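Heads up: the structure comes next, in structure tokens.
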Amino acid sequence: MFTNFWPNLAKVWGRYWGLFLEGAGLTLLLSFITVLFGTVLGSLLALARRSRLKVISVPASGYVEVIRGTPLLLQLYLITFLLPEVLPMLNLSKFASVTVALVLNSAAYVCEIVRAGIQAVDPGQAEAARTLGLNARQTMTRIVLPQAVKNILPALGNEFVTVIKETSLASTFFVGDLMTVYKTAQGATFTVIEPFLIVGVIYFVLTFSLSKLINAFERRLKASD
Amino acid sequence: MIETVNLVKNFGSLGVLDGISETIHKGEVISIIGPSGSGKSTFLRCLNLLEVPTSGQVIFDGVSLTDKGVDINLHRQKMGMVFQHFNVFPHLTVKENITLAPVLLKKLSPAQADKRADELLQRIGLQDKANEHPRRLSGGQKQRLAIVRALAMSPEVMLFDEPTSALDPEMVGEVLQVIKDLVGQGMTCVIVTHEMGFAREVSSRVFFMDEGRIHEQGSPADLFDRPKSPRTKAFLSKVLY
């Protein structure tokens, strides 16, 4: 089985390298969109969870717990099958439905990242701002959030790395991401190990370089402290 | 100027303030002393509603702060507060620490605030640090910055919550000097402190708190030299040696 390993590897790469790179690009794009919208939605969720109004905080907490307590694959299935049924007028593509599912999932994790980032700011900071006469909103935007961002950004970078790997589940719906390309190449060349390895290496290169970038960025944030 | 009426504060089932009725007049300098856990800080933090009293009233300039519809933020602008752990804003420069609140709350124009910050920094000898971040300051410098940050809002009263307790010993003096200068200018001050010598020197009245009550109070001479209650005596014998 392994005698033809190197020739096969060369063959698969030679024939499909364009597709692999395209898949990698789509994986990055999908991850980026997910984290971007996940961050917007997750930040809103975090503020909702901190609300003093129970009608706002309880549903937000419930949402986060349910999303974090169930498998992503199940959420992907549910949403990609349900969404077109519930909202047929939107005429969502498979890619769009999968993206929505990933965003809804990521938002729950980002919510916890933002919440932890805010909680890590010394409560004395908010107290000092309030005693100067700043209201709750001014205290949040001028004093707490600028300091929380330093805790939040590196964690968001790690979320990006996680999402890159999780988008592989989207290949269940053949949306053209890196893992989907694996299936295509494997089906067409009847090789298993070789395209697997190629895909694995690409995932690793993506996540590893991103992690290194985040680390460098984190060091710079720390230095400015 | 500040009056508390039967002020009670409980944390869960733990009673911290046990019905304090007291009046602090304009121009007075009140030191609050007492053992830890006696409710000194909680009492101070109730005065600007940083802690919301369980029951009772805080009346400031004739307004009952706990009443519905009172804009507490407006009243807090007139009550400066200084904390044990300074709580200067690390993401702002020294000068921005001072100008943020007056400009944001439209007490001063940016130009006026800038000028005022220069004066205040001059006063505490930090003018050459104006554009640095507070991480470059020593503890004593941070606390002096925290004091003038509060002064930039031109408060009517200053509340000090153990302002020197977190300082290295050699920095206590410089912070106390700034407070002394303030007192000299006639600022109404309420100071929770463990610095007995300082309390004796600057105060017009001293409160001895124990178990959530003002157990004894009087002029510094009366309280420190002629304490009436055995508990006050016992406390003083432990801290004055």
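The values are calculated or read from the model by the stated rules, or taken from the named source; none is laboratory data. All values reported here derive from a predicted model rather than from experimental measurement. Ideal geometry is used to build each Cβ from the backbone, glycine not excepted, and the neighbour counts take in all protein chains shown. Protein only, heavy atoms only, side chains kept; ligands, DNA and RNA dropped before computing areas. Shrake-Rupley method; radii C 1.70, N 1.55, O 1.52, S 1.80 Å.
If A:Leu92 satisfies every condition in (1) assigned to a helix (DSSP H, G or I); (2) open to solvent by 50 Å² or more (accessible area, probe 1.4 Å) but one, which is the exception?
Only one criterion is unmet by A:Leu92, namely (1).
Only one of these conditions is not met by B:Leu105: (1) buried (at least 20 other Cβ atoms within 10 Å of the Cβ); (2) closer than 15 Å to B:Gly80 by Cβ; (3) within 12 Å of another protein chain (Cβ to nearest Cβ); (4) not small (Gly, Ala, Ser). Which number is it?
For B:Leu105, the exception is condition (1).
Could we say that A:Glu159 is at pLDDT 90 or above, out of contact with any Gly (no Cβ under 8 Å at 6 or more places or on another chain) and of a type in the set (Asp, Glu) here?
For A:Glu159, the condition - at pLDDT 90 or above, out of contact with any Gly (no Cβ under 8 Å at 6 or more places or on another chain) and of a type in the set (Asp, Glu) - is not met.
Could you check the range A:199-225 and list, in sequence order, the residues that are open to solvent by less than 70 Å² (accessible area, probe 1.4 Å) and within 14 Å of chain B (Cβ to nearest Cβ)?
A:Leu221, A:Ser224
Which numbered condition trips up B:Arg123, out of (1) of a type in the set (Lys, Arg); (2) within 14 Å of chain A (Cβ to nearest Cβ); (3) closer than 26 Å to B:Glu162 by Cβ?
(2)
Return only the number of the condition from (1) away from chain B (no Cβ under 14 Å); (2) touching a residue at least 12 places away in the same chain (Cβ under 8 Å); (3) out of contact with any Lys or Arg (no Cβ under 9 Å at 6 or more places or on another chain) that A:Gln186 does not satisfy.
Answer for A:Gln186: the failing condition is (2).
Condition test on B:Lys95, is it open to solvent by 30 Å² or more (accessible area, probe 1.4 Å), at pLDDT 95 or above and either within 13 Å of chain A (Cβ to nearest Cβ) or over 18 Å from the mean Cα position of the chain (by Cα) (or both)?
yes
I need the full set of residues from the range B:40-86 which are polar (S, T, N, Q) and either part of a loop (DSSP other than H, G, I, E, B) or over 14 Å from the mean Cα position of the chain (by Cα) (or both), in order please.
Of everything in the range B:40-86, those that are polar (S, T, N, Q) and either part of a loop (DSSP other than H, G, I, E, B) or over 14 Å from the mean Cα position of the chain (by Cα) (or both) turn out to be B:Asn48, B:Thr54, B:Ser55, B:Gln57, B:Ser64, B:Thr66, B:Asn73, B:Gln77, B:Gln84.
State all residues of the range A:114-140 that are more than 10 Å from chain B (Cβ to nearest Cβ), assigned to a helix (DSSP H, G or I) and surrounded by fewer than 17 Cβ atoms within 10 Å (Cβ to Cβ); if no residue qualifies, say none.
Passing the criteria: A:Ala116, A:Gln119, A:Arg137.
Considering only the range A:166-198, how many residues are within 23 Å of A:Ser106 (Cα to Cα) and crowded, with 17+ Cβ neighbours inside 10 Å?
12
If you go through the range B:211-223 one residue at a time, do you hit one that is hydroxyl-bearing (Ser, Thr, Tyr), within 14 Å of chain A (Cβ to nearest Cβ) and open to solvent by 10 Å² or more (accessible area, probe 1.4 Å)?
Scanning the range B:211-223 turns up no residue that is hydroxyl-bearing (Ser, Thr, Tyr), within 14 Å of chain A (Cβ to nearest Cβ) and open to solvent by 10 Å² or more (accessible area, probe 1.4 Å).
Within the range B:135-187, work out how many residues are of a type in the set (D, E, K, R) and either away from chain A (no Cβ under 14 Å) or in a loop (DSSP other than H, G, I, E, B) (or both).
So the answer is 8.
Among all residue pairs at least 6 apart or on different chains, which show Cβ distances below 9 Å where the first residue, located in the range A:83-95, is over 19 Å from A:Ala170 (Cβ atoms) and the second is open to solvent by less than 60 Å² (accessible area, probe 1.4 Å)?
Pairs found: A:Asn91/A:Pro84.
Considering the range B:112-140 alone, what residues qualify as being under 22 Å from the mean Cα position of the chain (by Cα), small (Gly, Ala, Ser) and surrounded by 13 or more Cβ atoms within 10 Å (Cβ to Cβ)?
Answer for the range B:112-140, where residues must be under 22 Å from the mean Cα position of the chain (by Cα), small (Gly, Ala, Ser) and surrounded by 13 or more Cβ atoms within 10 Å (Cβ to Cβ): B:Ala117, B:Ser138, B:Gly139, B:Gly140.
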